[in-house]
Amino acid sequence: FNNYWGYPNLIFYIWGWFSELMGGVSLLNIRFIHAFCGLIIIFLSYFFFRSLSFSKLYAFGGAMIVGSQHVLFGISRFVICNNTLLIVEFLSLTLLYIGFKYKSSFYTFLGGIAAGFSFYTYFTARIIFITWLFFLAIFFLVRPWHDKRMVIKIGLIGALGFLIVVTPIMLATIKNPSHALVNFEHPFLFSGEGQKLVKDWNFARTTAE
C-alpha cells in the first residue's frame, strides 16, 4: 500500500513498467497509457455485451455508448487509476458469465482470477465478485436442484481463482489494517465520508446539493 489514498502499489508498478518501455516515466507517457486503457475498456465492453447474447450490431452500439460517455473521457485523461477498474470489471464479468453460460470451469476460473485483481485497483472495483455471487445466489434460489449443483460448482471454481489472487493483499491488510483501510469509504457515495468528499470537490454547501 502507498500514501496515495491508501491504494495498492501493483497498478502503479504496472504503469511505471509500461512507461519505462516507452522511454521513461513522464506525464505524457502515463497519460498515453491511461488513454489507451480507455480504448481497452471500449473493446472489452463489446465482448461483454456479446457474452450477454447481444447481436453484433447491438453490442457495437453498446460499446459506442460506453466509449462516448464524458465520464470515461474524463477519467481516461488524468493520471489516476479510476478507469482500470472498468478493465477488470468488463474482463472478469465477461469470463465469469461465459463460464456460467457454457458451464466452463476454465473460463470461470479465469474470471475469478480477473475479479481478484479488482482488489489491486480502485476500491469500488471490489464489489465485482460480490455482484457475481449475488447473481449466482438468485439463480440458485429459483432453479431446480440439478441446476443448483452446477451453480455451487461454478461458484466454488470462481471463488478459488479469486482467492488465489486476493490472498496476498488480504494478508497485507491483516498485517497493517490501519494503513490498508485508510480512505476506504471515500469512493462510496453511500458512505458519509464519500458524500462529504464529493461535497468538498464540488464546493457545495450541503451534501444534498
*How many residues are surrounded by fewer than 19 Cβ atoms within 10 Å (Cβ to Cβ) and free of Cβ contacts under 8 Å to residues at least 24 places away in the same chain if we restrict to region 83-110?*
3
_Please go through (1) within 20 Å of the chain's Cα centre (by Cα); (2) of a type in the set (A, V, I, L, M); (3) open to solvent by less than 70 Å² (accessible area, probe 1.4 Å); (4) at pLDDT 75 or above for L163 and return the number of the only condition it doesn't satisfy._
(3)
*Being small (G, A, S) and within 24 Å of F90 (Cα to Cα) is the filter; apply it to region 20-41 and report the residue that is most open to solvent (accessible area, probe 1.4 Å).*
A35
*Would you pick out the residues in region 9-24 that are modelled with pLDDT under 85 and of a type in the set (A, V, I, L, M, F, W, C)?*
L10, I11, F12, I14, W15
_at positive phi, open to solvent by 30 Å² or more (accessible area, probe 1.4 Å) and without any contact (Cβ under 8 Å) to a residue 12 or more places away in the chain: is that true of S68 in this structure?_
no
*For region 123-141, does any single residue satisfy the condition of being of a type in the set (D, E, K, R), open to solvent by 70 Å² or more (accessible area, probe 1.4 Å) and assigned to a helix (DSSP H, G or I)?*
no
*Sort through G62, G38 and tell me the only one that's part of a helix (DSSP H, G or I) and closer than 28 Å to E20 by Cβ.*
G38
*Only residues in region 46-65 that are without any contact (Cβ under 8 Å) to a residue 40 or more places away in the chain and under 18 Å from E89 (Cα atoms) count as the first member; pair them with residues that are assigned to a helix (DSSP H, G or I) and aliphatic (A, V, I, L, M), Cβ under 6 angstrom, at least 6 apart or cross-chain, and list the lot.*
Y46/A59; Y46/A63; F49/A59; R50/A59; A63/I42
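The values are calculated or read from the model by the stated rules, or taken from the named source; none is laboratory data. Because the structure is predicted, anything quoted here is derived from the model rather than measured. Quick reminder, even Gly has a Cβ in these numbers, built from the backbone with ideal geometry, and neighbours come from all protein chains shown. Heavy atoms of the whole protein, side chains included, go into the accessibility calculation; ligands, DNA and RNA do not. Shrake-Rupley method; radii C 1.70, N 1.55, O 1.52, S 1.80 Å.
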